[in-house]
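Step one of this worksheet: look at the structure below.
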Number of protein chains: 2
Amino acid sequence: MRPESRKQEIINAAAILFKEKGYSAVTMRDLAKAMGIKAASLYNHIQSKQEILSTIIIGLAEEFTIGMNKIVNSDENTIQKLENIIDLHIDVTLRNADGLASLNNDWMHLEENNLQYFEKMRQEYEDNFRDIVKKGLEKGEIKPYNVEIMVFSTLSTLRTLYLWYPEQKEIDSDILKRDMISVLLKGVA
Amino acid sequence: MRPESRKQEIINAAAILFKEKGYSAVTMRDLAKAMGIKAASLYNHIQSKQEILSTIIIGLAEEFTIGMNKIVNSDENTIQKLENIIDLHIDVTLRNADGLASLNNDWMHLEENNLQYFEKMRQEYEDNFRDIVKKGLEKGEIKPYNVEIMVFSTLSTLRTLYLWYPEQKEIDSDILKRDMISVLLKGVA
DNA sequence: AAACAAAACTAACAATTGTTAGTTTGATAC
DNA sequence: GTATCAAACTAACAATTGTTAGTTTTGTTT
């Protein structure tokens, strides 16, 4: 076992509860009950409720930031880049669907420093996405629809994957990727 | 002024706050401050915090239910039906973007009866949507991608319109509809 | 079996929560 | 000017919140 093992168990349990009811509606006593211990015992492992939230969200946001930077700086064409973004979202969703609920719905409850850090990463992510689409449009690799609408509709689908995928267990991950790419990109390319 | 005018002002203010922080994180004192009065004074107009939430959500859910029923029972072809669904979402979003935040993120905080009622309406809405896509597929009016993925990606875009549209004031509502239809449907049709 | 650390516990706190009861204000109708 | 009524107020409540301090239990290493 790693030294952080118990802490990670708490964070995982918290992510599930946050997904079901949202950060504010989950009490430390709720979390403790889910762990089978008393609320005060949680504090042997974590510093605060806030620390749990920021651990969940910032880690995921950094994953997206790193993934997006690799894609932007690659020399592939626009369609391939968009496919890689879809890939990135599916991969992260498969690995941590619960945590993505917090990232999507509870980021505003981060405290000052982490809130700013998060908003900066999200802004840069969206800017990178937009740039890819814009350049694709200039090169004629993409149909001339409104850029904002293309970015928005694609991103909103990818962002809500976490809600949907865990229920679709029969769909293979590779089939998901293929059809998702078709549905999201063939209307655009 | 209508007799419910003051109550409606409170509900509108609440919808804005719920959108920003979520139902659980908004206190009655927050809401009172936004209205420029004391928390206790709110209860001259409303019965409970819960009543505010259910008024916002159930009203919108019923709007969607009525709209969808009209579309399903019409004799238009599949693509036209899907266009009408996009229309419906854009119309409701333009009229009540704030309330849609609660419908999307805070429905689980409805109390027992309204929660069941809401979940039933949402289930039927999704079933109707799926049926339209399935029949379109059988008639060959739609490309043969995975039905669930098509339904999911379209619906998740439409459901998050509320997040995005209020910031895009320069885009005309008719242009939005046209491009949204293009992006969402041309990849599918 | 003695020592140690990890992880649980009990008890309590100060602050905040939704809500109530009863009272005062201010405008409109007579 | 007095009665009326909606809509504000003050004061308080019981419950719940995140968190702390100090103590006991548990399991492993010597």
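The values are calculated or read from the model by the stated rules, or taken from the named source; none is laboratory data. Predicted model, so just to flag it, every value in this text is computed and none were measured. Heads up, the Cβs are rebuilt from the backbone with ideal geometry, glycines too, and the neighbour counts pull from every protein chain shown. Ligands, DNA and RNA are excluded from the accessible area calculation, which covers all protein heavy atoms including side chains. Shrake-Rupley method; radii C 1.70, N 1.55, O 1.52, S 1.80 Å.
Results for (1) more than 12 Å from DNA strand C (Cβ to nearest atom); (2) over 30 Å from A:Lys139 (Cα atoms); (3) out of contact with any Asp or Glu (no Cβ under 7 Å at 6 or more places or on another chain); (4) not in a helix (DSSP H, G or I), shown as yes or no for each residue.
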| site | (1), (2), (3), (4) |
| --- | --- |
| A:Gln8 | no, yes, yes, no |
| A:Phe18 | yes, yes, no, no |
| A:Leu31 | no, yes, yes, no |
| A:Gln50 | yes, yes, no, no |
| A:Glu63 | yes, no, yes, no |
| A:Gly67 | yes, no, yes, no |
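Counting only helices (runs of 4 or more DSSP H) that sit completely within segment A:86-189, those holding 3 or more residues that are open to solvent by 20 Å² or more (accessible area, probe 1.4 Å), away from every other protein chain (no Cβ under 11 Å) and without any contact (Cβ under 8 Å) to a residue 60 or more places away in the chain correspond to A:112-138.
When you scan segment B:35-53, do you find a residue that is within 14 Å of chain A (Cβ to nearest Cβ) and open to solvent by 70 Å² or more (accessible area, probe 1.4 Å), even just one? No.
Annotation: A:Ala61 fulfils all but one of (1) within 25 Å of A:Leu110 (Cβ to Cβ); (2) loosely packed, with under 14 Cβ neighbours inside 10 Å; the unmet one is (2).
Just wondering, is there one or more residues in segment A:27-41 that are within 16 Å of DNA strand D (Cβ to nearest atom) and out of contact with any helix residue (DSSP H, G or I) (no Cβ under 9 Å at 6 or more places or on another chain)? Yes, that holds for at least one residue.
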